[in-house]
Amino acid sequence: MHSTTAFADRYTIHTSGLNSSVYVNMLYFANLVNRYAADFTLITLPSEGGPTNMISVNDGKGSFGTTTAESVKAAYEGTGNFRGKPQKRIRHVASFGFSLMFIYTNPDSPIQSISQLKGKKVVYGGGTGSALLGRQILELYGLANDVLAERGATDSARAALARKEIDAVFTIARLPVPAYTELINKNALKLVPMEPEKIAALQKESPLYTEVDIRDFYPKYRISTKAVGLAGPLVTRDDTNAEVVYQMLKIVYARMDELQKMNDGFKGDSAATGLRGLTIPLHPGSERFFKEPRILK
């Protein structure tokens, strides 16, 4: 039995940690939908992060789940951390927002590039997605076995960095991230770039990664800094009520301007961007919605 049947009109959205931007973004998302939905309610819940969300949705323990496009692909195909355990029941609903990989150290650190992290201590901050991509990046640089890396809460990692107990933080976060706006405005961190050839190598492994310049999002940062980002699909299970999925998308996209005024995390989103990062089958409710404006043929 699907988890939502105990309360037929209650559907949960599994996001990330309580202090994460994706949790906050989806609170606004759910609040908007709940104002206009007649037959169902969305409840936003914190979680351990994207990969965990894919398992929760696949197993029927969560109605919807957020993550990055790369994590969705790995979950469905049974690769990476999902090796041998494909999550074949997950379905694409729509993509919302954009997640950016931040790699940074203290402003006075001599570290200028990722290659200089050899023998250093780093923390993957936040959910499991940061650890997945962080390790992938270190492997590209040949450093996966030469860096002392561990997972930890992003706030704790930033505090440890400030105390110089660690050398760098790797964290993927859904924009906007007010904490980084504040730190950048205070010149309180140094962003470590990825070289274009390394980004190209990462994109060869997975075309889902987008090359970005962090200055495009944080114009007060003084140096052009190349990084990678990912679309953020919302997924559900194949047996989730198709009418609920369809109505949810109709509400959100018809009132996207309201959502964007409430939260910058949906800046640039529209029905035309809802299929970004599509790597798994569409849910029938989504398929019906995206065929109406002829986005999907």
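The values are calculated or read from the model by the stated rules, or taken from the named source; none is laboratory data. Just so it is clear, the model here is predicted, and its values are computed rather than measured. Heads up, the Cβs are rebuilt from the backbone with ideal geometry, glycines too, and the neighbour counts pull from every protein chain shown. Heads up: the accessible areas ignore ligands, DNA and RNA and are worked out on the full protein's heavy atoms, side chains in. Shrake-Rupley method; radii C 1.70, N 1.55, O 1.52, S 1.80 Å.
Structure summary
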read-out	value
Per residue accessible area in Å² of the chain, where ligands, DNA and RNA are left out and the probe is 1.4 Å	45
Reach of residue 85 by Cα under 13 Å, taken over aspartates and glutamates that are not fewer than 8 positions away in the same chain	59, 77
Most mobile of 56, 109, 95 in a GNM of the chain (Cα contacts under 10 Å)	109
Mean Kyte hydropathy of -1.0 or more with a Cα span along the axis of at least 20 Å, helices from DSSP in the chain	21-36
Cleavage-rule hits, GluC sites (Glu not before Pro), the stretch 113-221, DSSP coil, Cβ neighbours within 10 Å at most 15	165
Top of 76, 11, 141 by mean-square fluctuation, Gaussian network on the chain, Cα under 10 Å	141
Accessible surface of the chain [probe 1.4 Å, protein heavy atoms]: carbon and sulfur percent	50
